[in-house]
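The values are calculated or read from the model by the stated rules, or taken from the named source; none is laboratory data. Please read all numbers here as calculations on a predicted model, not as lab measurements. Positions of Cβ are backbone-derived with ideal geometry, glycine not excepted, and every protein chain shown enters the neighbour counts.
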Amino acid sequence: MKKVDHIGIAVHSIEDVLPFYTETLPFTCLHIEEVDSEKIRVAFIDAGNVKIELLEPLNESSTITKFLEKRGQGIHHIAFGVEDIESRMKELKEKGIKMIQEQPKLGAGGAQVAFLHPKSGHGVLYELCEKKKER
């Protein structure tokens, strides 16, 4: 694990909450994009030493919709930046950690991501995030 890469926060509407982050706090919104595979829209906010990722569901089948229905708006996950995500997943599995998926998948910004099951994370959803190398 290199560092905490970002903190994911589930929201009903990025448009409604973004002014809190960009005007009240005030942080900078880096970019907004849709992640079709997850049926979400995300906004990345530069909060200094860590990024905040706002997660808005695009439809009812999104896992974020289900999260919001159960828990309401709030912290969804904490993401750790890693190198060689597949090796890191293998190491964690060997230590008895249950992963939500067996292989990394494409996430926001083109990153490869994988989630540890919250039962293995003592009730916290953790994400492994391997970003494309900058050239």
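In table form, for the structure just shown:
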read-out: Residue within region 95-106 that is assigned to a helix (DSSP H, G or I) and crowded, with 17+ Cβ neighbours inside 10 Å present; value: no
read-out: Residue in region 25-38 that is nearest to Ala114 (Cα to Cα), counting only those that are in contact with a helix residue (DSSP H, G or I) (Cβ under 9 Å, 6 or more places away or on another chain) and at pLDDT below 95; value: Glu38
read-out: Residues satisfying the stated conditions in region 43-67, i.e. aliphatic (A, V, I, L, M) and within 14 Å of Thr28 (Cα to Cα); value: Ala43, Ile45, Ala47, Val50, Ile52, Leu54
read-out: Selected residue [closer than 26 Å to Tyr21 by Cβ, basic (Lys, Arg) and at pLDDT 95 or above] from Lys119, Lys131, Lys70, Lys93; value: Lys70
read-out: Cβ pairs under 6 Å, 6+ apart, first in region 52-72 and closer than 25 Å to Val4 by Cβ, second assigned to a helix (DSSP H, G or I); value: Leu54/Ile14; Leu55/Ile64; Glu56/Ile14; Pro57/Ile64; Pro57/Thr65
read-out: Answer residue from region 10-37, given it is exposed (fewer than 13 other Cβ atoms within 10 Å of the Cβ) and of a type in the set (Gly, Ala, Ser) and is nearest to Glu56 (Cα to Cα) among those; value: Ser13
read-out: Some residue of region 24-40 being under 21 Å from Leu125 (Cα atoms), touching a Ser or Thr at 6+ places or on another chain (Cβ under 9 Å) and either part of a helix (DSSP H, G or I) or of a type in the set (A, V, I, L, M, F, W, C) (or both); value: yes
read-out: Qualifying residue in region 52-70 (condition: aromatic (Phe, Trp, Tyr) and either more than 20 Å from Leu116 (Cα to Cα) or under 12 Å from the mean Cα position of the chain (by Cα) (or both)); value: no
read-out: Candidate set: region 73-94, residues that are part of a helix (DSSP H, G or I) and touching a residue at least 24 places away in the same chain (Cβ under 8 Å); chosen: the one farthest from Lys119 (Cα to Cα); value: Ile85
